[in-house]
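Every number in this text was worked out from the coordinates using simple rules, so none of it is lab data. Source: prediction; values computed, not measured. Cβ: placed from backbone, ideal geometry, glycine included. Neighbour counts: every protein chain shown.
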Amino acid sequence: MMAVVILVCSLILMLQFFVSYCRSLIAASAKEPLPLEVQEVTGISRSASADDFSRVIQLLNLCPERPEDRSQLRVVGAYYRLLGFVRSTIALFAPSLKAWADRERALCAYFAAVTLGRRIAFSRNLLAQQMLP
């Protein structure tokens, strides 16, 4: 019985750390403006909607990967799915939790759009390096 209590407490603390880490990644990207080409491609100018995430991820998959972005994008993707689970289950009983989950999911979409801008810049740099003799 004590082992179960320790396991549950450990999982709750790990989930709290995971959420804090994801929110810190998202907060860092929320301060960055989106490049004009990303705004044109995604239709996101200043704020994203909660449903833009999957569309931006599809665009990200078309760009060459940057090694720095790979793990952060996976973590934020898992956070986005966790928020979707919270929104569809727990938030049914707490409407304010649903609004919070939608705001967080929109911030995840903005994070993905900022990452798309970084990948576009990375692709341009790769192309410029290949063009040099």
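Given R₀ = 41 Å, FRET efficiency for A94-S123 by Cβ-Cβ distance, to 0.05? With a Förster radius of 41 Å, E is 0.45. Treating r as the C-beta distance of A27 and Q130 and R0 as 41 Å, the FRET efficiency rounds to 0.70. Over the chain, DSSP H runs of length four or greater, each weighted -39,500 (n - 2.57), average out per residue to a 222 nm ellipticity of -27000 deg cm²/dmol. Which whole-percent values make up P(r) of segment 10-57 when all C-alpha to C-alpha distances are grouped in 5 Å steps starting at zero? That works out to 4, 17, 19, 22, 14, 11, 7, 4, 1, in percent per bin.
Seen through its C-alpha gyration tensor, with square-root eigenvalues sorted a ≥ b ≥ c, segment 40-133 comes out prolate because a/c lies at 1.5 or above while a/b is bigger than b/c. Taking other residues whose beta carbon is less than 13 angstrom from the beta carbon of G43, and scoring Lys, Arg as +1 and Asp, Glu as -1, yields -2. For segment 56-111, the dipole from Cβ point charges (+1 on Lys and Arg, -1 on Asp and Glu) about the Cα centre works out to 160 debye, to the nearest 20. Under conditions of 20 °C and 1.002 mPa s, segment 1-92 yields 138 µm² s⁻¹ as its translational diffusion coefficient, taking Rh as the Kirkwood radius over Cα pairs in the Stokes-Einstein equation.
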